[in-house]
1. For the range 88-109, how many residues meet the condition of being under 15 Å from Ala32 (Cα atoms) and buried (at least 21 other Cβ atoms within 10 Å of the Cβ)?
2. Any chance the range 91-103 includes a residue that's outside the structural domain of Leu162 (by TED's automatic domain parsing), at positive phi and more than 15 Å from the chain's Cα centre (by Cα)?
3. Say we look at the range 163-178 and pick out the residues that are more than 20 Å from the chain's Cα centre (by Cα) and assigned to a helix (DSSP H, G or I); which of these is farthest from Ile95 (Cα to Cα)?
4. List the residue pairs whose Cβ atoms are under 6 Å apart, where the first residue sits in the range 105-122 and is farther than 17 Å from Glu94 by Cα, the second is part of a helix (DSSP H, G or I) and of a type in the set (Asp, Glu), and the two are 6 or more positions apart or on different chains.
5. Looking at the range 4-11, is at least one residue aromatic (Phe, Trp, Tyr), more than 19 Å from Lys81 (Cβ to Cβ) and touching a residue at least 40 places away in the same chain (Cβ under 8 Å)?
6. Residues that are in contact with a helix residue (DSSP H, G or I) (Cβ under 7 Å, 6 or more places away or on another chain), at least 2 per element: which strands (runs of 3 or more DSSP E) completely within the range 1-74 meet that?
7. Would you call Ile28 under 22 Å from the mean Cα position of the chain (by Cα), modelled with pLDDT of 90 or more, of a type outside the set (S, T, N, Q) and surrounded by 18 or more Cβ atoms within 10 Å (Cβ to Cβ)?
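The values are calculated or read from the model by the stated rules, or taken from the named source; none is laboratory data. A quick note: this is a predicted structure, and the numbers were derived from the prediction, not measured. Quick reminder, even Gly has a Cβ in these numbers, built from the backbone with ideal geometry, and neighbours come from all protein chains shown.
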Amino acid sequence: MISYLKGKPIISRTGFIILNVNDVGYKINVAATFESDKDETVELFIHEHIREDSDELYGFATLGELELFELLISVNGIGPKVAISTMASGRPEEITGAIISENLAFFKAISGVGSKAAARIILDLKSKVSQEKIGNSFFSKTSQTEEVFGALESLGYKKYELEKIIAAIPSDLKTSEEKVRWCVKNISK
């Protein structure tokens with residue numbers, strides 16, 4: 001099984017890249033939001049999906065993204081194409097936040113995911129997506145995230161309250177102060 005590849009992209013298109021690894025080209029399916037430059041070396045964690053009629057590679061920039069993808073395909077009825085579309089729909093913390101907060105609308109907005117599939121994703125994965133897992137694996141806790149978490153804890157909020165709200169912080173907020181203010185404003189909603 002291929003688990004990791006490092007090389008330079010030969011071709012980069014929406015949805016896939018061809019990666020040159022020691023003069024061998026690997027076609028790797030990636031989220032539509034994946035960006036790479038032809039001159040930069042790319043490192044990808046790989047999920048190899050083997051069926052009778054195909055052998056496909058799915059690549060992710062972090063181990064946490066790969067683990068989230070593999071959780072998604074573990075849901076009955078969710079294949080790798082729907083899972084990669086889900087990965088393209090938001091950052092890992094947004095996806096896990098949608099699972100924790102049982103946000104059906106988030107998943108129903110993804111191509112190939114209907115009401116039943118959205119409910120199945122939430123039902124199957126909610127118990128698997130815990131605060132500990134989010135903090136240590138699905139997305140790396142930056143010092144800023146830790147700072148926001150610590151600030152909110154010092155204000156008296158409990159960890160179980162913070163798991164949903166920190167995962168839902170809008171990406172346009174850049175400073176810790178903005179993020180803390182947003183969390184305090186939205187935590188009771």
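1. So the count comes out to 1.
2. yes
3. Across the range 163-178, the extreme among qualifying residues is Glu177.
4. As it stands, the answer is none, since no pair meets every condition given.
5. Taking every residue of the range 4-11 in turn, at least one turns out to be aromatic (Phe, Trp, Tyr), more than 19 Å from Lys81 (Cβ to Cβ) and touching a residue at least 40 places away in the same chain (Cβ under 8 Å).
6. 42-50, 55-60
7. Spelling it out, Ile28 is indeed under 22 Å from the mean Cα position of the chain (by Cα), modelled with pLDDT of 90 or more, of a type outside the set (S, T, N, Q) and surrounded by 18 or more Cβ atoms within 10 Å (Cβ to Cβ).
Residues are listed down the side, and each one gets a yes or a no for (1) in contact with a strand residue (DSSP E or B) (Cβ under 8 Å, 6 or more places away or on another chain); (2) free of Cβ contacts under 8 Å to residues at least 12 places away in the same chain; (3) buried (at least 17 other Cβ atoms within 10 Å of the Cβ); (4) at positive phi:
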| residue | (1), (2), (3), (4) |
| --- | --- |
| Asp39 | yes, no, no, no |
| Leu44 | yes, no, yes, no |
| Glu52 | no, yes, no, no |
| Asp55 | yes, yes, no, no |
| Phe60 | yes, no, yes, no |
| Glu65 | yes, no, yes, no |
| Ser74 | no, no, no, no |
| Gly79 | no, yes, no, no |
| Thr86 | no, no, yes, no |
